[in-house]
Amino acid sequence: MRSQTLRYRALVAVSALAGLTACGGAGDHGGVRTDQDYANAMDVGREAFDMTRAEQARTQFQTAYDRALLRDDALAIDDAGYNLGVAQLGMGEPQAALGTVAQTHRALTLRGATAGAELELVAMAAYCRLGQYQAALEAGARIQTSDPALSERRAFLTGLAADGLGDVTTLSSARDALPHSAKPPLLEQADRAEIESRLALRQEAYDKAENEALRAVTLRRDILDYRGMARGLDCAANAARGAGQLNKAASYAQRAAESRAQAEKKP
C-alpha cells in the first residue's frame, strides 16, 4: 500500500519520497520481508538528495528502480521512477527525466497499474525547463489530485508555462489557484512571489515585479533552491529592464548567470 511511503518536498518544486517503512527483517520467521537492497538504495538516494548531491541520488534511485523491476512491484516502480526523475531534474537533465517518466508509465501499464499524480509533475517541470510550455500545460491537465501540496505545485508550474506562452489569462488563473495558507512554508511563499512577479511584469507593474522577484530570490536561497534563485534573478532583470533601469538589469542578469554556471557544474 502507498501508506508504506511518505513523500518529501524536492527542490524542483515537486514532492519526493521521504521513507519506506520496514515490513520485517531477516529475523522474521514466516512474515513479509523487506527487500533491503531496494530500501537501502531509496534511503541513500534520499539522504544524498537532501544534501544536494543529485548525481549520487540519481545513481541510487536508478538502482532502486532496477530492483523494483526485479520485484515486479508496481508501487516500487512508481516511487523509484518518480524519485529518479526528480534527481535527473536536479542534475539539469530534463530530457532524461522525461525519458524516465515515459519508461515508468510503460512499466506500470504493463502491470495494469497507473502512475501517481507526482509523475506528471516531473513531466511538467521537465517541459518547462526545455521551453516546451504547451506540453507542460497538457501534462498539468492530466493531473487529478486532491492533495494540497500537489495542487500547489501544479498551479505554480502552470503559471511558469503560461508565462512562457505569454498567456496572461492562464497565468492569472494559476496565481489565483495558489493556496492561501495561514503559515505557508517557504517553498509556497517563494512560488507565490515568483508568480506574482511574472504577472506584474506582464501588467507592466515593474516595481512590484522587481520587489516580488527579489523576495522569491531570498526565499529560494533559504531553501537551497539555487536554480530557482537564478530564475528569480532573471525575473528581476526583466523587471528592471522594463523600467528602463538597464544597469540594474545587467547586474541582476550577471548574478543569475554566475549562479547558474555553478549549478551546471557536475560534482
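Distance between the modelled labels on R33 and S172, one decimal in nanometres: 6.2 nm (7 Å Cα→Cβ projection).
The spacing between region 48-76 and region 182-228, judged by their C-alpha centroids, is 32 Å.
Probe of 1.4 angstrom, ligands and nucleic acids ignored: what's the accessible area per residue over region 195-267, in square angstrom?
Normalised by residue count, the accessible surface of region 195-267 is 53 Å².
Using a cutoff of 8 angstrom between alpha carbon atoms and counting only pairs six or more residues apart, the relative contact order for region 228-267 works out to 43 percent. Mean-square fluctuations from a GNM of the chain, with a 10 angstrom spring cutoff on Cα atoms, peak among R142, R231, R129 at R142. Note on K265: accessible area is roughly 130 Å² with a 1.4 Å probe, heavy atoms of protein only. In summary, the aspartates and glutamates within cross-link reach of K183, defined as a Cα separation below 19 angstrom excluding same-chain residues under 8 places away, comprise D147, E152, D191, E194, E196, E212, D222. Of the candidates L70, L160, L233, which one comes out as most mobile in a Gaussian network treatment of the chain with C-alpha springs shorter than 10 Å? In the Gaussian network model the winner is L70. Across the chain, counting alpha-carbon atoms alone, Rg and Dmax equal 19.5, 74 Å.
For region 112-188, what class follows from the C-alpha gyration tensor (a ≥ b ≥ c being the square roots of its eigenvalues): rounded when a/c is under 1.5, otherwise prolate if a/b is larger than b/c, else oblate? Oblate, because a/c is 1.5 or more while a/b does not exceed b/c.
Per residue, the average separation of C-alpha pairs within less than 8 Å and at least 6 apart gives the chain a relative contact order of 11 percent. Extent of region 165-267 along its three principal axes (Cα atoms, max minus min coordinate, largest first): 35, 34, 23 Å.
The values are calculated or read from the model by the stated rules, or taken from the named source; none is laboratory data. All values derive from a computational prediction rather than experimental measurement. Reconstructed Cβ throughout: ideal geometry from the backbone, glycine too, with neighbour counts over all protein chains shown. Accessible surface areas use protein heavy atoms only, side chains included; no ligands, DNA or RNA. Shrake-Rupley method; radii C 1.70, N 1.55, O 1.52, S 1.80 Å.
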